[in-house]
Amino acid sequence: MRIVVKIVRWLLGLIVLAVVALFAWLYIAPPELIRVGSGYSAKIVCSNVFIAGRDPNEVLAVDVQAPGHPLLRLMRVSVDKNRGTVSAGLLGFLGRSEAVSRDGLGCASIPDGDVGKARRTTVHAEPAATSQDTLWPVGERVEASQDPVIAKLLDDAALTGAGMRAVVVVKNGRVVAERYGDGFSARTPLLGWSMTKTVNAAIIGTLVKDGKMAVDNKGLFAPWKADGRAAISLADMMAMSSGLEFNEDYGDVADVTRMLYLEPDMAGFAESKPLAGEVGKVFSYSSGTAVMLSRLWQDAIGDKAKALTWPRSALFEPLGMHSAVLETDEQGTFVGSSYLYATAHDWARFGQFLLQGGVWNGNQVLPAGFVDWMREPAPASKIYGKGQLWIEAPGDEEKPGAGVAAGLPKDTYWMEGHDGQTVTIIPSEQLVIVRLGLTPAKLGYRPQTMVGALVKALH
């Protein structure tokens, strides 16, 4: 019996030792997957707390843990509102990552832990207030249609989709209907994810108009001039056909998740990628490309401080998008692939701006014809435009023309983002439809069904 007790004690000791060793390893050298998870958790909670004013526990549970990787359910976050920081880690302490809020620029992930450096990237400019009494788009007041058909469509949860947070319908330049999910309103800034790419392309358009950039520019980064990457043009990058290697798989640790949560210099990471295909000949969707585009337009401005204020001064304020916050990485490069927060009304303003060909209040903000160019099919793709826009609706990427076959007008085009973010623009119908929410792709939601029903009802 004593021998059995000794063996059991010995085994228990080994188990305890193994557990201690495991935790020590996870603490000292956490696997990258854990660091990606903690970086994602810290960043999403930080932005939603400090930009949208949401409860951190709700954001962690609903936005981070519920739809994501099972590992995220073990993440715990700590919010310091006085310091403007959020830290996250597995069980609260393993593989810890931090995000910090900065004036005017939302939150940034801090992969190398240098919070002080990231704090120095700020914008000291208060956005103008939007009149609550003036009709949208100049102000925020909405006189919604009393059409019971429209009301019935937007009250249909199957049409608006699980996790819907906002739907705004604009017809002939006026908001005619809107709906909001529980806990959200017309004043809640919401993340557009990859819809940010289209806004980033429009920012480039403002610099093309000013003569600071040209779409046929080549030799874009100094290291590229010594090899085949010298042939990559700005137009190739806008059309997602640079030929550069970049893994956009969000499942585990891929290039896109590494860039967003493990790299302090996102553009530098993407810029270092080698060619994997012929320039201009292969369509390959890449968030790394969009961040490099941000770096290019910021460099074209030259002055760092002026570049940090450019999105607001050149685009957001002229359009009345006063809620819009475009976030940067730790180095101060705008994350033009992913991180724009704005209210549904402001996303609708941007959609209306595209519908109007880059004109707002009679001012040609983008070069004449630039939006038409953005909408043209990319040379290497029938589903994507030349300027960070989608010609086909979500889920129709493998079936060019499916939208038209389903009854949508031929001139329909889309801004699309992760988890069900869309802005649909239909010039022939003078129609813009914003749909924002938390709707993972695995649910199979297709916004074109709602869009088609609204087109028919409003025709």
Checklist outcome for this item: Looking only at lysines whose Cα falls under 20 Å of Lys171's and that sit 8 or more positions away or on another chain, we get Lys152, Lys410, Lys456
Item to check | FRET efficiency for Lys442 and Ala406, using Cβ-Cβ distance with R0 set to 25 Å, rounded to 0.05 | outcome: 0.70
Item to check | Shape of the stretch 75-215, Cα gyration tensor, a/c cut at 1.5 | outcome: oblate
Checklist entry - Straight-line reach from Lys273: which lysines have Cα under 17 Å away, leaving out those fewer than 8 places along the same chain? => result Lys218, Lys225
Checklist outcome for this item: From most to least accessible, 1.4 Å probe, no ligand or DNA/RNA atoms counted, Asp255, Asp133 line up as Asp133, Asp255
Checklist outcome for this item: Rounded to 0.05, the calculated FRET efficiency for the beta carbons of Asp156 and His124 at R₀ = 41 Å is 0.35
Next on the checklist: Assuming 0.36 nm per residue, please report the length gained on full extension of the stretch Tyr250 to Asp55 beyond their Cα-Cα distance.
Outcome noted: 67.6 nm
Checklist entry - Asp303 to Val359: extension gain in nm, 0.36 nm per residue of separation minus the Cα-Cα distance? => result 17.5 nm
Next on the checklist: Testing the spin-label approximation: label points 7 Å from Cα along Cα→Cβ at Leu91 and Lys281. State their distance in nm.
Outcome noted: 5.3 nm
Next on the checklist: When a/c reaches 1.5 or more, the comparison of a/b and b/c decides; with that in mind, is the stretch 252-301 rounded, prolate or oblate per its Cα gyration tensor?
Outcome noted: oblate
Checklist entry - Distance in nm between label sites at Asp133 and Asp112, each 7 Å beyond Cα in the beta-carbon direction? => result 5.2 nm
Checklist outcome for this item: Rounded to the nearest 0.05, FRET efficiency between Val142 and Lys399 (Cβ-Cβ, R0 41 Å) equals 0.70
Checklist entry - For Lys399, which aspartates and glutamates qualify as cross-link partners when the Cα separation must be under 20 Å and same-chain residues fewer than eight apart are set aside? => result Glu376, Asp411, Glu416
Checklist outcome for this item: Honestly the stretch 333-459 on the Cα gyration tensor test (a ≥ b ≥ c root eigenvalues; a/c under 1.5 rounded, otherwise a/b vs b/c for prolate or oblate) is just rounded
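The values are calculated or read from the model by the stated rules, or taken from the named source; none is laboratory data. For clarity, every value in this text was computed on a predicted model and none was experimentally measured. Using ideal geometry, Cβ is built from the backbone for each residue, glycine included, and neighbour counts are taken over all protein chains shown. These area figures cover heavy atoms from the full protein model, side chains too; ligands, DNA and RNA do not enter into them. Shrake-Rupley method; radii C 1.70, N 1.55, O 1.52, S 1.80 Å.
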